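J.: Provided herewith is a single structure, encoded as structure tokens, for subsequent inquiry.
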Amino acid sequence: MNTIRTRWLIVIAAAAALTAYLITFLGTSFGWPTPVLPLSSLFTMAIIAGFTLVLGIRVLRWRQGKRKRQLNLILAARTLVLAHACAYAGSLLLGWHVGVLVDQLPLWQFRSDHTTGLTAFAMTAGGLIMIVIGLVVERFCRIPPEDKEESGGGGQQQTKGEGEYA
């Protein structure tokens, strides 16, 4: 499996921010409510990020030799896929709510109720945390290179599995 491409995370966040800005701008001219997720979705994001982190720590403990049982390789692969999904979903949520914030900030001083702006800011922070956890757990799932002296193949030979994922 390939690593998470930070370029794609940036592209996804930028496209989501532009889309959210345009939809929010057009929606306010028609009198529609601002399309922002409620604060209760932070709870769901925290559960997803926490679950990803817990599974990633299990893989990391196995890599460091702190577990006596063999790691289930299917669990490690699913952890890696979950880390990727967490990072990409966080990028989408971050971009969307940044777009909403960009539309809301010029009106900040004229409004008495800042609930929408504060909610968008909280969701932006949650998206950023999801990206960070996805990237960290992806690093946990990386298989370390094997020791070249143990492989018996000489000094310049690369071992199979070097730099791959668990």
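Taken together, the values in this text are just the output of simple stated rules run on the coordinates, not laboratory data. Everything numeric in this text was worked out from a predicted model, so none of it was measured. In this analysis, Cβ positions are derived from the backbone assuming ideal geometry, glycine residues included, and neighbour counts consider all displayed protein chains.
J.: Find, among the trypsin sites (Lys or Arg not before Pro) in the range 4-101, those assigned to loop by DSSP (not H, G, I, E, B) with at most 15 other beta-carbon atoms within 10 angstrom.
T.: Within the range 4-101, the qualifying trypsin sites (Lys or Arg not before Pro) (loop, at most 15 other Cβ atoms within 10 Å) are Arg5, Lys66, Arg67, Lys68, Arg69.
J.: If you don't mind, there's one more thing I want to ask. What net charge is computed for the residues neighbouring Leu80, neighbours being all others with C-beta under 11 Å from the C-beta of Leu80, Lys and Arg scored +1, Asp and Glu -1? If you can, show how the numbers build up before the last one.
T.: Details: positive: Arg78, Arg139, Arg142; negative: Glu138, Glu164.
Counting the neighbours of Leu80, the net charge comes to +1.
J.: Once the other residues with Cβ under 14 Å from the Cβ of Thr34 are scored (Lys, Arg +1; Asp, Glu -1), what is the net sum?
T.: On the way: positive: Arg111; negative: Asp103, Asp113.
That works out to -1.
J.: Could I ask something else about it? Filter the chymotrypsin sites (Phe, Trp or Tyr not before Pro) in the range 1-91 to those in DSSP coil with at most 15 other Cβ atoms within 10 Å of their Cβ, and list the result.
T.: Working: sites: Trp8, Tyr21, Phe25, Phe30, Phe43, Phe51, Trp62, Tyr88; in loops: none.
Nothing satisfies the criteria.
J.: Here is a follow-up. For the range 8-132, count the residues as N, evaluate 2.2 N^0.38 Å, and divide the Cα radius of gyration by that value, please. The partial results should precede the final answer.
T.: Values: Rg = 18.2 Å, N = 125, 2.2 N^0.38 = 13.8 Å.
The value comes to 1.32.
J.: If you don't mind, there's one more thing I want to ask. Just want the ordering: Ile47, Ile4, Ile131, from fewest to most Cβ atoms lying within 10 Å of their own Cβ. Present the calculation step by step, with values, prior to reporting the outcome.
T.: Values: Ile47 10, Ile4 20, Ile131 24.
Ascending Cβ contact count within 10 Å gives the list Ile47, Ile4, Ile131.
J.: Suppose R0 equals 35 Å; then what is the FRET efficiency for Ser29 and Arg61 from their Cβ-Cβ distance, rounded to the nearest 0.05? Intermediate values should be presented prior to the final figure.
T.: Values: r = 54 Å, r/R0 = 1.53.
The pair Ser29/Arg61 has a calculated efficiency of 0.05.
J.: Compute the convex hull volume of the Cα atoms of the range 1-59, divide it by the residue count, and report the result per residue in Å³ as a whole number.
T.: 95
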